[in-house]
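Asker: Below: one structure in C-alpha cells.
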Amino acid sequence: MANAAVEEQGPVAQPLIIGHRGASGYVPEHTLGSYALAVTLGADYIEPDLVMTKDGELVARHDNELGLTTDVALHPEFAARKRSKTIDGIALNGWFSEDFTLAELKTLRAVERIPDVRPGNARLNRSMQIPTLQEIIDLTKDLQRSQGREIGLYIETKHPSYFQQQGLSMEAPLLKILKENGLDSAEAAVYIQSFEVNNLKQLRRDSNIRLIQLYGEGQPFDQTLSGSSLTYAQMSTPKGFKQVAEYAVGVGPHKSAIIPLDSKGRLDPANTTRYVADAHAAKLKVHPYTFRAENSFLPVNLRRGDDPSARGAIEQEMNIFLDAGIDGLFSDQPDIAVKVRSLRK
Ligand code: G3P
Ligand code: CA
C-alpha cells in the first residue's frame, strides 16, 4: 500500500514520550506491571519489543534468549532446553523463546535485567508473567478508559530475519492481531519499529501502519544476510533519509547519532550533528533512545555523586536533546520526561 503521509495522531502531545519497555526504570521490563505504570506516569506510548514462541505467538521480550529477564534457569523441567545459538551474528548460550510454547512460557516469571543498578526492581522478581501482544493491547484498551486518553503502542519486531529463518515470520501474525483489534491503519495510535530494513518495507507493502526505522551500529542485519553494502551511516545521509522516508514516517537513532559524547564522556550541545536537521529535511520524525535516569547511564558531566544507581541530571540531558529538535524520546522513567515536557511549555 502507499505510504500514508501521516504525522502525529492518536496521543498527540509533543514531544512524544515513549515508555521504554514500559516504565522499566521502576518495574522489571516488558511486564504488564511495567506497561501499566508507564501509562499511569503519563507516557503517550508504551513500547513492547516482540519475539516469537514455538507455536507462533507474539510475546514481549527484548531478547529471544530468556535467561536475562526470566527465572527459566530455576525451572529444572526446562534444563534440557538450554542451547548455544548465534542470533544476528552473536553467539549466545541460554534458553530461547522459539523453543518454548506459549503455555510453557507462561510458567516462567520475569526478573530484573540489571539488579545491581535497579535493586528496587529486583524486589519485584518472579511476580509477573511474560505478556502476549494481545494481553498488552487488552491492558491498553482498559487503561484508555480509566485514564480518559488514548494510549499508543510503539511495537518493535526483534530479530525479524532470524525468526523468518526459523519458519516463524513475525509480520503476518503481527498484522493479524493489529487488524483484529482495529489497530491496522495509519490513523491508529501504533508505530512499528525495526532495526532491519526489509521487514519494514514488507510491512509498508502490506499495511498503512506508521513505521519507524531504528538505527544501530554497522549494518542492519538483514542487509548483512543479503550481501548488501547498506550501512546505518549511509542511511543517515540526506540521500539515505530520503530513501527511508519512502517507507517510514520516522527514525529511531541512538542518542549518540544526534550528540556524540566527547573524548571524556561528556555531553556538550556544541557537538550536535546534522542528524535531526537532515532527517527533518526528509520529513522524518526523530525519536532517539534511550533516556535513563541513573548515574551509570548518564554522561560524566551529568552525574550526581558516585552511586551508579542514584538519579543524575537526566532532566538536563532530556532538555539538551529537546533543544536539538527531537520529536519524541524513549525513556525508562517516563514520568521524568512528562515533567520536563510540562516545564518547557
Ligand atoms: O526501540 C528503541 C530502543 O528500544 C532500541 O533499543 O535495544 O532497547 O530495543 P532496544
Ligand atoms: Ca526496543
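Here, each number is a calculation from the coordinates, and none is a lab measurement. Here the structure is a predicted model, which means the values were calculated and not measured. Here the Cβ is made from the backbone with ideal geometry for all residues, glycine too, and neighbour counts use every protein chain on show.
Asker: With label points built 7 Å along Cα→Cβ from the Cα atoms of Thr40 and Asp138, find their separation and express it in nm.
Answerer: Placing both labels 7 Å beyond Cα along the Cβ direction yields 1.9 nm.
Asker: Please work out how much length the chain gains when fully extended from Lys176 to Arg81, using 0.36 nm per residue of separation minus the C-alpha to C-alpha distance, in nm with one decimal.
Answerer: 31.2 nm
Asker: A further question follows. Lysines near Lys82 by alpha-carbon distance under 28 Å, same-chain residues fewer than 8 away left out - which ones?
Answerer: Within the straight-line cut-off, Lys82 pairs with Lys54, Lys106, Lys158.
Asker: Same structure again: Using DSSP, restrict attention to beta bridges with both residues in the stretch 1-160 and report what percent are antiparallel, rounded to the nearest 5.
Answerer: Roughly 60 percent of the DSSP beta bridges within the stretch 1-160 come out antiparallel.
Asker: Grab the beta carbon distance between Asn125 and Asp306, set R0 = 30 Å, and tell me the FRET efficiency rounded to 0.05.
Answerer: Details: r = 26 Å, r/R0 = 0.87.
The computed FRET efficiency comes out at 0.70.
Asker: How far apart, in nanometres, would the label points at Asp323 and Asp206 be if each is projected 7 angstrom from Cα along the Cα-to-Cβ direction?
Answerer: So the label points at Asp323 and Asp206 sit 4.4 nm apart.
Asker: Summing -39500 (n - 2.57) over the DSSP H runs of n ≥ 4 in the chain and dividing by its residue number, what mean residue ellipticity at 222 nm do you reach, to the nearest 500 deg cm²/dmol?
Answerer: Estimated from H runs of four or more residues: -8000 deg cm²/dmol.
Asker: Mind putting a number on the dipole of the chain about its Cα centre? Charges go on the C-beta only, +1 for Lys and Arg and -1 for Asp and Glu, and I need it in Debye to the nearest 20.
Answerer: In total the dipole reaches around 400 debye.
Asker: Answer with one residue from Leu211, Ala188, Gln165: the one whose Cα lies farthest towards the positive end of the charge dipole of the stretch 146-227, charges on Cβ with Lys, Arg +1 and Asp, Glu -1.
Answerer: Ala188
Asker: Moving on to the next point. If R₀ is 35 angstrom, what is the calculated FRET efficiency for the pair Gln316 and Gln166, using the beta carbon separation as r and rounding to 0.05?
Answerer: Rounded to the nearest 0.05, the efficiency is 0.20.
Asker: Compute the FRET efficiency between Thr273 and Lys345 as 1/(1 + (r/R0)^6), taking r as their Cβ-Cβ distance and R0 = 22 Å, and round to the nearest 0.05.
Answerer: 0.25
Asker: Now for a different question. Can you classify the stretch 187-228 as rounded, prolate or oblate using the Cα gyration tensor, where a ≥ b ≥ c are the square roots of its eigenvalues, rounded means a/c under 1.5, and otherwise it's prolate if a/b beats b/c and oblate if not?
Answerer: Oblate is the answer for the stretch 187-228, as a/c is 1.5 or above yet b/c matches or exceeds a/b.
Asker: Any idea how far the Cα center of the stretch 228-298 sits from the one of the stretch 27-99, in Å?
Answerer: Here the two parts' Cα centres lie 27 Å apart.
Asker: Right, something else. With unit charges on the beta carbon (Lys/Arg positive, Asp/Glu negative), name the residue among Leu58, Val286, Gly265 whose Cα is farthest towards the positive pole of the charge dipole of the chain.
Answerer: Final value for the positive-end residue is Gly265.
Asker: For the chain, what is the percent of antiparallel DSSP beta bridges, rounded to the nearest 5?
Answerer: Taking every DSSP beta bridge with both residues in the chain, the antiparallel ones total about 30 percent.
Asker: Over the Cα atoms of the chain, each weighted equally, I'd like the Debye log10 I(q)/I(0) at q = 0.10 Å⁻¹, rounded to two decimals.
Answerer: Each listed q maps to, in turn, -0.58.
Asker: How many nm separate the modelled label positions at Lys283 and Asp116, each set 7 Å beyond the Cα in the direction of the Cβ?
Answerer: 4.8 nm
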